[in-house]
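Q: Have a look at this one before I ask anything.
The values are calculated or read from the model by the stated rules, or taken from the named source; none is laboratory data. Small disclaimer: the values here were computed from a predicted structure and weren't measured. Heads up, the Cβs are rebuilt from the backbone with ideal geometry, glycines too, and the neighbour counts pull from every protein chain shown. Calculation scope for accessible area: heavy atoms of the full protein, side chains included, ligands and nucleic acids excluded. Shrake-Rupley method; radii C 1.70, N 1.55, O 1.52, S 1.80 Å.
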Amino acid sequence: MQSILKNYSSIILLLIGISVGSLIGLFLPTVVPYIKPLGDIFLNLLFVAVIPLLFFAISSAVANIEGNNRLGRILTTMSFVFIITIAIAAVLTIIGLWAFPVTAISDGQGADEAILNAANDGWGEKIVRFVTVGEFVNLLSRQNILAFVIFSFLVGISVRKSGEVAQPFLRFLIAGNEVMKNMLDIVMKLGPVGLGAYFAYQVHELGPELFGFYAKPLGFYYVFGTVFFFVVFSVYAFIARGGKGVPLFWKNNITPSLTALSTCSSLATLPSNLLAAKRIGIPNSVANVVIPLGNTLYKNGSAISSILKIYVAFSILEWDFFEPSTLLMAVGITLLVSMVAGGIPNGGFIGEMLMISVYSIPNEAIPAIMIIGALVDPLATILNATGDTVASMLVTRFAGEKFTKSEEDRVDSTAI
């Protein structure tokens, strides 16, 4: 019993905090505004810590990878894993909708006017803003996370090219990575209180809306997404590391899942994903590259919701969703949506604008797309965020990298 409490104490405390938060959200709604600041403080601490953590993790990992061929192999394998598994998520969703069709009635309200009236920049300008910023200081904002990831990646490559003269800077990157990981451990001590408070807010805000006009499509998403989460991720973990990979993944995926559920933010979940990867035994050369990049570019939950939103829009407009060219375009859009949905709450709005533009969807279907995107956000974030860890397991397997000893292995060997 003492061993169980020692190994799972942090998870047990998180569950207690979230359970208490849920009860407060359901039965004491007047208390929610008073405790929500505790959740905001915790979330802000995570967001502040994640920027330097990303820089040191990515730069030190890239700089430490021996040989350009090895780095290229990891990146190529990562791209292959991202594209294939996102396509699998899209195709499985199409099959699910074909087998269990759902319909929705839009109430014509709820569209975000600020989103609809966004600047009419061309796609060239959007891409420039997505991958770069005009001033260095703008890199430090989580709104420009992909640009920051690219910058950190380029710093790591530059350290590699600089050779011996850059060794002091490399040692600084390695030390910074260790310091930020320890800082993360400290911040996560506040998790039970912070996540509990934020979960109370989520239950209070989203609970009543889940039973409105969109009950059927939302029911499909939550049932299908939950099955996908447990079954498909287990299959990926098995492919990556055999029978041992499944329990290792799920044992260490609890805290990231609870963090994603409470915060609805992939970015806030990234630090706990990195900790989970270390405990699973994913090498730093893979985890510190794949997980931060996956935070922005790899979105299973967004892929599933993209297909569902297209389906619902077509149903409202009485268009044929299952026409072959429509399905091919839907899969293509889904691949793009999963790449542009940033690691922040409701980041999928950019992808929704892409979908509306490509299909020329008229105004009457737009509110449904917007509202569904907001209401599926909790489960979508879990799928988006925790998929990064299982993807890094697959990259380790297919890139020919070696899993290190997990914490469980180290405990067993010490006992022997």
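Q: Looking at segment 295-308, can you tell me whether even one residue there is among the charged types (D, E, K, R), under 13 Å from F82 (Cα atoms), crowded, with 22+ Cβ neighbours inside 10 Å and at pLDDT 85 or above?
A: As a first pass, look at segment 295-308 and keep what is among the charged types (D, E, K, R): 299.
Pick out the ones that are also under 13 Å from F82 (Cα atoms) and you get 299.
Now drop any that are not crowded, with 22+ Cβ neighbours inside 10 Å, which leaves 299.
When the remaining residues are screened for being at pLDDT 85 or above, the result is 299.
Within segment 295-308, one or more residues are among the charged types (D, E, K, R), under 13 Å from F82 (Cα atoms), crowded, with 22+ Cβ neighbours inside 10 Å and at pLDDT 85 or above.
Q: Let me ask another. Looking at G163, G156, G219 in this structure, which one is in a helix (DSSP H, G or I), more than 20 Å from the chain's Cα centre (by Cα), small (G, A, S) and closer than 20 Å to N295 by Cα? Let's see the steps before the verdict.
A: Values: G163 fails: closer than 20 Å to N295 by Cα; G219 fails: closer than 20 Å to N295 by Cα.
Being in a helix (DSSP H, G or I), more than 20 Å from the chain's Cα centre (by Cα), small (G, A, S) and closer than 20 Å to N295 by Cα holds for just one of G163, G156, G219, which is G156.
Q: Could you check, for segment 99-108, whether at least one of its residues is at pLDDT 80 or above and part of a helix (DSSP H, G or I)? Reasoning before the result, please.
A: Going residue by residue through segment 99-108, those that are at pLDDT 80 or above are 99-102.
The next check asks that each one be part of a helix (DSSP H, G or I); those that pass are 99.
Yes, there is a match, as at least one residue in segment 99-108 is at pLDDT 80 or above and part of a helix (DSSP H, G or I).
Q: Please indicate, with yes or no, whether at least one residue in segment 255-269 is within 20 Å of T85 (Cβ to Cβ), open to solvent by 10 Å² or more (accessible area, probe 1.4 Å) and not small (G, A, S).
A: no
Q: While we're here: Of all residues in segment 231-250, which are farther than 17 Å from P283 by Cβ, buried (at least 16 other Cβ atoms within 10 Å of the Cβ) and touching a residue at least 24 places away in the same chain (Cβ under 8 Å)?
A: Residues satisfying the conditions are V232, F233, Y236.
Q: Going residue by residue through segment 354-374, is there one that turns out to be under 30 Å from V48 (Cα atoms), at pLDDT below 90, of a type outside the set (A, V, I, L, M, F, W, C) and surrounded by fewer than 19 Cβ atoms within 10 Å (Cβ to Cβ)?
A: So far as segment 354-374 goes, no, none of its residues is under 30 Å from V48 (Cα atoms), at pLDDT below 90, of a type outside the set (A, V, I, L, M, F, W, C) and surrounded by fewer than 19 Cβ atoms within 10 Å (Cβ to Cβ).
Q: Looking at (1) at pLDDT 85 or above; (2) assigned to a helix (DSSP H, G or I); (3) among the charged types (D, E, K, R), which one does E408 not meet, given that it meets all the others?
A: With respect to (1) at pLDDT 85 or above; (2) assigned to a helix (DSSP H, G or I); (3) among the charged types (D, E, K, R), E408 is out only on (1).
Q: Find all pairs meeting these conditions: Cβ atoms under 6 angstrom apart; at least six residues apart or on different chains; first residue within segment 181-196 and over 17 Å from G21 (Cβ atoms); second residue aliphatic (A, V, I, L, M) and open to solvent by 60 Å² or more (accessible area, probe 1.4 Å).
A: V187/L45
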